[in-house]
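First up is the structure itself, then whatever we jot down about it.
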Amino acid sequence: MSKLLTYPLDEFHLPSGGIILKSSDGVEFKVYKNILTLGSTFFETMFSLPQPPDSYSGDSSKPIAEDHTTETQVIDVTESSATVDQLLRCIYPTPSPSFRGISDDGEITKEEEFIKGIEPILGAALKYDVQTVVNKLCALMLDAAERIRPNGHLRHDTLAVRVYALACQFGLKEVARRAAHIALKGRVAGIFIEDFRKISAAQYFALVTFQHKISKIMSKAVQDSCHSSHVKCNTCGGSEGSATSVARWWTSWIDHARSTIVESPASEEIYSASLLRHVYSRPYDCSVCKDVWRRFPLVSQPLKDKLKEAIAENDIDLSEI
Ligand SMILES: [Zn+2]
């Protein structure tokens, strides 16, 4: 015997024009046809067709369900009640549902839980072609992955990689591409997450190769930055008196930056004020290089531009997705 719930709105009692979505665990959701039609081209097409005498079954492997106790059409779906509930809350003009692994203020508390929670809802949204929900979930994941905090206690190094894996699973190329770009801020090599079991070797290879390629380009760009006139100093430079000497603080910065870029080619940490303060402290400070805070952006900005250029010219190859 199935339970009858009134999700997603408590006051919702379906006077007319509704259908019942019956989840795999037998929970019935009374919903307005119109709202489903607005959100989903799948349902729009289904409801525009002449209705069969029996109810439609969302699962073609199951016999078509019939509901003799009421005239309301029952649609059996293969998703669990938890997934149907979340999906409807995304479609209905109600506050967004709360997802697993994310706090009320949008902070990811558990990356793995977060992705596990999104996966079935995204799968259902794609299956029923609810584009607005697909967009909403993808934006939520990418936004969360973007917020890598290099100096904070929350370091979402693996979130972008998890989003990449999930996007690959569902064939969402642009989301996978965006996630791969964000993943450049963190580590990929040497990381193993269970999500990798769900993607192909080609998809994994594409991510690792992309990371490696950008890392090589940025490492060289950082090394070449010593040619910039903005980091030259006749006083503290290696060959004293030479007009081509690189300031000590910049040599120190290059050492730090390169060791970070090897693993995280798009790390924002290397441009942080704290690193600059660190490399300009003794014994790398200099009476002539006191304008280091003015000089730094002049040489770091071209590196940031170089990163964008490197990504544009060597973008991840997603032809296998
Ligand atoms: Zn100097």
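Suppose every K and R has +1 on its Cβ and every D and E has -1 on its Cβ; what is the size of the dipole of region 216-312 about the Cα centre, in Debye to the nearest 20?
120
Excluding ligands, DNA and RNA, what is the solvent-accessible area per residue of region 216-312 at a probe of 1.4 Å, expressed in Å²? Walk me through the numbers before you get to the answer.
Values: 5140 Å² over 97 residues.
Accessible surface, normalised per residue, equals 53 Å².
Put one equal scatterer on each alpha carbon of region 111-199, apply the Debye formula with no solvent term, and list log10 I(q)/I(0) at q = 0.21 1/Å to two decimals.
Debye output, listed in q order: -0.98.
What is the extension gain from S229 to R282, computed as 0.36 nm multiplied by their sequence separation minus the C-alpha to C-alpha distance, in nm to one decimal?
Values: separation 53, 0.36 × 53 = 19.08 nm, distance 2.24 nm.
Result: 16.8 nm gained on full extension.
Sort K116, K110, K22 from largest to smallest accessible area, using a 1.4 Å probe on the heavy atoms of the protein chains. Show your work: numbers first, answer last.
Details: K116 100, K110 125, K22 60 Å².
If we order K116, K110, K22 from most to least accessible, we get K110, K116, K22.
About the Cα centre, and with charges only on the beta carbon of Lys, Arg (+1) and Asp, Glu (-1), how big is the dipole of region 111-199? Nearest 20 debye, please.
220
Defining a contact as two alpha carbons under 8 Å apart and six or more residues distant in sequence, what relative contact order in percent does region 111-199 show?
That works out to 27 percent.
For T132 and F47 in one chain, what is 0.36 nm times their gap in residues minus the Cα-Cα distance, to one decimal in nm?
Between T132 and F47, full extension yields 28.7 nm more.
Cα-Cα pairs above 24 Å in region 224-321: how many percent?
27
Mind checking which lysines have their Cα closer than 24 Å to the Cα of K116? Skip sequence neighbours fewer than 8 apart in that chain.
Partners found: K22, K127, K136, K173, K185, K198.
The values are calculated or read from the model by the stated rules, or taken from the named source; none is laboratory data. Quick caveat, the model's predicted, so the values are computed rather than measured. Because the Cβ atoms are built from the backbone with ideal geometry, glycine has one as well, and the counts that use them run over all protein chains shown. Surface accessibility is based on the protein's heavy atoms, side chains included, excluding ligands, DNA and RNA. Shrake-Rupley method; radii C 1.70, N 1.55, O 1.52, S 1.80 Å.
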